[in-house]
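J.: I have a structure I would like to understand better, so I am pasting it below and will then ask my questions one at a time.
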Amino acid sequence: MFLGRSGPDTQRKLSDSFSKLGIALQYAGAAVMWAWPRPLFSPWAGITLLRTVVPIVAVILAAGSVYFSWTALKTLGRQWSFVAAVTAGHRLVQEGPYSVIRHPLYVCFFGLTLATGMVWTRPAGFLAAAVLFWIGVLIRVRSEEKILRETFGPEFQEYRRRVPAYLPLSFGREK
């Protein structure tokens, strides 16, 4: 789904290899999520309501994350890159999911990680994985936004002022 999306002929104009640390932390978070499994089909908590609610929330979160990430990838097209980069002919995408939040793919991947943890891991593993993963997201966002600011200047600043980073609320907007 993701490999080769940017195409073999795409020349990187500007990239930030620091985002690779963010990628490594996201992978570490996902690995931690899988490393602390609980007995299959055991509830996350002994509370009966949670035995029903947690799996339902996990399925909704996973399905929403998959759909939203598919839409975001489709919107980006060949501009998608695994490492933060801008290519020749790159444009600042501001439509589709990018009109609601600036970083829908990172939010979706975080949602998938959380959904996995809700049905697979123990609470301590869930917390450790979520923290590692989110630190990775913050590093990647910082790298990506630095490149976008350098490339698009005032256009990116206006976009950043108008569209929040992570949630379609005021959280994450530039002041």
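The values are calculated or read from the model by the stated rules, or taken from the named source; none is laboratory data. The shown structure was predicted, so the numbers you read here are calculated from the model rather than taken from an experiment. As a convention, Cβ positions derive from the backbone with ideal geometry for all residues, glycine included, and neighbour counts pool all protein chains shown.
J.: Can you name every residue in segment 108-149 that is among the acidic types (D, E) and either surrounded by fewer than 21 Cβ atoms within 10 Å (Cβ to Cβ) or within 19 Å of A58 (Cβ to Cβ) (or both)?
T.: Within segment 108-149, E145 is the sole residue that qualifies.
J.: Follow-up question, since we're still on this one. Identify, from the list S81, S65, S99, the residue that is surrounded by 13 or more Cβ atoms within 10 Å (Cβ to Cβ), within 25 Å of E144 (Cβ to Cβ) and modelled with pLDDT under 90.
T.: Criteria check complete, one pass: S81.
J.: Pairs, please: C-beta under 7 Å, at least 6 apart or cross-chain, first residue modelled with pLDDT of 55 or more and in segment 162-175, second surrounded by fewer than 16 Cβ atoms within 10 Å (Cβ to Cβ) and aliphatic (A, V, I, L, M)?
T.: P168/V100
J.: Can you go through P43, P39 and tell me which one is farther than 25 Å from V137 by Cβ, modelled with pLDDT under 85 and in contact with a Lys or Arg (Cβ under 7 Å, 6 or more places away or on another chain)?
T.: Answer to the check: P43.
J.: Tally up the residues in segment 110-140 that are touching a residue at least 60 places away in the same chain (Cβ under 8 Å) and within 10 Å of the chain's Cα centre (by Cα), please.
T.: Residues meeting the conditions: 7.
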